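Report on the structure given below.
The values are calculated or read from the model by the stated rules, or taken from the named source; none is laboratory data. All figures in this text were calculated on a predicted structure; none of them were measured in a lab. Reconstructed Cβ throughout: ideal geometry from the backbone, glycine too, with neighbour counts over all protein chains shown.
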Amino acid sequence: MATTRMSMAKALNAGLRKAMEDDPKVVLMGEDIGKLGGVFRITDGLQKDFGEDRVMDTPLAESGIIGTAVGLAFRGYRPVCEIQFDGFIYPAFDQIVSQVAKLHYRSRGNVKMPLTIRVPFGGGIGAVEHHSESPEAYFAHTAGLRVVSCADADDAYGMLQQAIASDDPVLFFEPKRLYQHKGEVDLDRALTAREPLHQARIARSGTDLTVAAYGPVVGTALAAAEAAAEEGVSIEVVDLRTLSPLDFDTLEQSVLRTGRLVVTHEAAVFMGMGAEIAARITERCFYHLEAPVLRVGGFHLPYPASKLEEHHLPDLDRLLHATDRVLAY
Amino acid sequence: MTVTTDQMVQLLTPTGERRPHPVYEGLIADLDGAALRGLYEDLVVVRRIDAEGTALQRQGQLGLWAPMLGQEAAQIGSGRALAADDFVFPSYREHGVAYCRGVDPADVFGMWRGTSLSCWDPYDINMAIPAIIIGAQGLHATGYALGLKRDGAEAAAIAYFGDGATSQGDIAEALGFAATYQAPAVFFCQNNHWAISEPVGLQAQVPIYQRAAGYGMPGIQVDGNDVLAVLAVTRWALQRAREGSGPALIEAVTYRMGPHTTADDPTRYRPTGELEEWRERDPLSRMLALLQREGLADEDYLDSVRAKADAVAAELRAGCLALPDPAPLTMFDNVYAEAHPLVAEERAQYAAYLDGFEGSN
Ligand SMILES: Cc1ncc(C[n+]2csc(CCOP(=O)(O)OP(=O)(O)O)c2C)c(N)n1
């Protein structure tokens, strides 16, 4: 198995390129994705190679981008839409939750909506407001959408192609603070040989407690496990990868082994992904849990000014504080 | 795409000669030598404020800055047309307008430095905090204008936005609402030719001011690098709004000479030669040429302008560097106007958590 070392940004670019080569129906749409290659350069060079018809710079209108993609999907295309930053997805919210999510159902399965909506999300990059949000729960709450998030370069490469190949609409949340993180990418492994898009993965095995994470904080969870190991505590880290559907089977198996669970994400804890996970795991593992499920995440506030974001974001210390509490029961 | 038409209002040519106009000339007839000098001083000062913003960002004092280089005349011309009671709804690039509103120099920087999510208190200077969500402020201006109308106030609201913003539903809806209710709102589009990397031709196939006709309001195109023409047309639009004649759309044709923000790289998309072409239409040099032509630009005056720019820049820099980092628990302030148990609980928990570190090392 020959792998190539590259950043997550480059891996996403390679994934898009591969998907476009494999299927002429794949078209990219978004603001500034052509000549500029997107503000994060994820589409760098693609317009040059595939032309303006397949890599469309769109007018500055998010509802327009998604609504037009719906029409293209009606016509048999597979649009991959880029939303420039997390906080700009809301003008498109209506098209996503009212149209994209429901057309297959409303048309009794006759109309497919194989859209991929790429959203650079999360904070930690010192940006101005509306550039650091974690809106995934809004979409996971809506039936008809699939929601995923990658945590390393290899998964970014594979998951993006899987999302594009899916006949369902996929919200693809890219942890923007990991764009420049490098990893080994297997460019040749067939999509079928990869973990399917609905499956979580054990990112690190352990025996004392499970930490469930996705996207930007998987790295934080792994760092916490590393630190805890020095104290003799063995943490298992589950990279959820997929938020809707959520792979409760893998998580349940892990919690049955460890008896303890901490869930972490950047989004606000209140009414967030962690609440759902805690409830379902409590239901499934009630007699095996040694402690209540704890959550570590953002607070109930608008994403704060960048000089305060280190307090808002779950970090190593807050995560270890929670694992200590769970172990103390 | 050619965006200028023979309808474009211009009172000052790029070489600084006055151009007659049957309607708009009269609207600036009151400008005497002192007023002309004042406008030029404004242009120089805001260019300096902007340069200071870029420099502070490069020095790591600001996280980001959105330069307004090239758009000085559009902002000073419109900003100086405003009355104290008028209310401004800006985007993120209106540093020049903020200066006209009398903003405290350091207040401009909190948002860009990351110490707070906004800059000034809107009610101090009758100017909303910057809208980063493209186009949202168009509707806010419309609503504020409706409030003015209901209250019988003789004032107007003005929304600033870019050419890219005209593609957003919010701007279309704002024009529609304002026309329907004859709101005293002025829509001021700075067509600076670029929405990040996208040329204006990607947003509009007809000159932007012509869109007004479809909504039933006057649209007017003005040379956005001509401070006199911008002042005149904005005065006109504001006056008719205040008098109850309804909204208007102004398209100020200008050019963003710098990058979109300090994080942008225009060499990737800007055609060669375009910048040089626009340099010849620089809003500052044409106003200076006028002053010289009319014998208003002696060395003493030019020295005083430089001194003023130096002073403002120094004050700005000092104010920016003095902005303190916010204390952690302040992030829980103002989430709600009234007490909220969840926020209180999370604040208390986080305070206890932080206390746990005290004395631990
Ligand atoms: C709803 C929304 N979508 C995307 C963005 C990202 N963005 C910020 S500025 C910008 C370009 C705006 O161009 P224009 O309206 O012409 O204004 P200018 O920056 O040229 O003044 C874009 C796409 C945003 N801020 N808000």
**Fill in**
Residues in region A:25-41 that are away from chain B (no Cβ under 14 Å) and either under 25 Å from A:Asp186 (Cβ atoms) or modelled with pLDDT under 95 (or both) total 2
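Quick grid of which residues meet (1) of a type in the set (Ser, Thr, Tyr); (2) within 17 Å of B:Met217 (Cβ to Cβ); (3) out of contact with any helix residue (DSSP H, G or I) (no Cβ under 6 Å at 6 or more places or on another chain); (4) part of a helix (DSSP H, G or I):
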residue	(1), (2), (3), (4)
B:Gly138	no, yes, no, yes
B:Ala141	no, yes, yes, yes
B:Gly147	no, no, yes, yes
B:Ala153	no, no, yes, no
B:Ala159	no, yes, no, no
B:Thr166	yes, yes, no, yes
**Request:** Among the residues of region A:93-128, write down those that are of a type in the set (A, V, I, L, M, F, W, C), in a loop (DSSP other than H, G, I, E, B) and within 14 Å of chain B (Cβ to nearest Cβ).
**Result:** A:Ile125, A:Ala127, A:Val128
**Complete:** Flagged in region B:231-259 as under 30 Å from B:Gln57 (Cα atoms) and either more than 17 Å from the chain's Cα centre (by Cα) or not in a strand (DSSP E or B) (or both), in numbering order, are B:Thr254, B:Tyr255, B:Arg256, B:Met257, B:Gly258, B:Pro259
**Item:** Residue satisfying all of: in region B:116-152; over 14 Å from B:Ser91 (Cα atoms) and of a type in the set (S, T, N, Q); surrounded by the fewest Cβ atoms within 10 Å (Cβ to Cβ) among these
**Value:** B:Asn126
**Request:** With respect to A:Gly87, determine if the residue is within 16 Å of the ligand (Cβ to nearest atom) and either more than 29 Å from B:Gln61 (Cα to Cα) or crowded, with 18+ Cβ neighbours inside 10 Å (or both).
**Result:** yes
**Asked** Has region B:115-132 got at least one residue that is among the aromatic types (Phe, Trp, Tyr), within 14 Å of chain A (Cβ to nearest Cβ), over 25 Å from A:Ala61 (Cα atoms) and away from the ligand (no atom under 15 Å from the Cβ)?
**Response** no
**Message:** I want to confirm something. Restricting to region A:75-84 and keeping residues that are within 14 Å of chain B (Cβ to nearest Cβ) and either without any contact (Cβ under 8 Å) to a residue 24 or more places away in the chain or not in a strand (DSSP E or B) (or both), which single residue is nearest to the ligand (Cβ to nearest atom)?
**Reply:** A:Gln84
**Prompt:** Does B:Asp282 satisfy the condition of being in contact (Cβ under 8 Å) with a residue 40 or more places away in the chain and closer than 16 Å to B:Gln10 by Cα?
**Reply:** yes
**Asked** With region A:185-300 as the region, which strands (runs of 3 or more DSSP E) entirely inside it contain at least 3 residues that are within 14 Å of another protein chain (Cβ to nearest Cβ), modelled with pLDDT of 95 or more and more than 17 Å from the chain's Cα centre (by Cα)?
**Response** A:294-298
**Asked** For region B:159-175, how many residues meet the condition of being in contact (Cβ under 8 Å) with a residue 40 or more places away in the chain and either away from the ligand (no atom under 12 Å from the Cβ) or more than 7 Å from chain A (Cβ to nearest Cβ) (or both)?
**Response** 7
**Request:** Hey, can you tell me all the residues within region B:182-224 that are assigned to a helix (DSSP H, G or I) and more than 14 Å from chain A (Cβ to nearest Cβ)?
**Result:** B:Tyr209, B:Gln210, B:Ala212, B:Ala213, B:Gly214, B:Tyr215
**Prompt:** For A:Leu72, are the conditions met, namely being more than 16 Å from the ligand (Cβ to nearest atom), more than 19 Å from B:Tyr269 (Cβ to Cβ), out of contact with any Phe, Trp or Tyr (no Cβ under 6 Å at 6 or more places or on another chain) and away from chain B (no Cβ under 13 Å)?
**Reply:** yes
